[in-house]
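Read the figures in this text as sums done on the coordinates, not as results from a lab. On a predicted model such as this, the values are computed, not experimentally measured, just so you know.
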């Protein structure tokens, strides 16, 4: 598992999966489909990614293709860091 995925998984487990018995999503599983994130959690995740990885996420980039799974987030963060 990549460092990005491991760090994001840890963040989600510690900060967003607050219910007892909550299961962390697999790398390809949709956060929306598995109700991992609500709207507030989504914004918290975006803020965490910006702060942790030194990137800026535009409104037009806040789409499922970029942020709806661990694999999508990893690819998105890598692209953002390469173009920074």
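Report, in degrees rounded to the nearest 10, the 0 to 90 angle that the Cα long axis of helix 70-83 makes with the longest principal axis of the chain. With rounding to tens, the tilt is 20 degrees. Among 39, 30, 69, the largest mean-square fluctuation in a Gaussian network model of the chain, built with springs joining Cα atoms closer than 10 Å, belongs to 39. Listed values (1) 19, 16, 11; (2) 29, 11, 8; (3) 20, 13, 12 include one computed from this model; for semi-axes √(5λ) of the Cα gyration tensor in Å that value carries the label (3).
With contributions of -39500 (n - 2.57) from each DSSP H run of at least four residues, the per-residue ellipticity at 222 nm computed over the chain stands at -17000 deg cm²/dmol. Here the Gaussian network model covers the chain, with springs between Cα atoms less than 10 Å apart; of 63, 46, 36, 63 fluctuates the most. Gain on full extension, evaluated as 0.36 nm per residue between residue 52 and residue 34 minus their Cα-Cα distance, stands at 4.0 nm.
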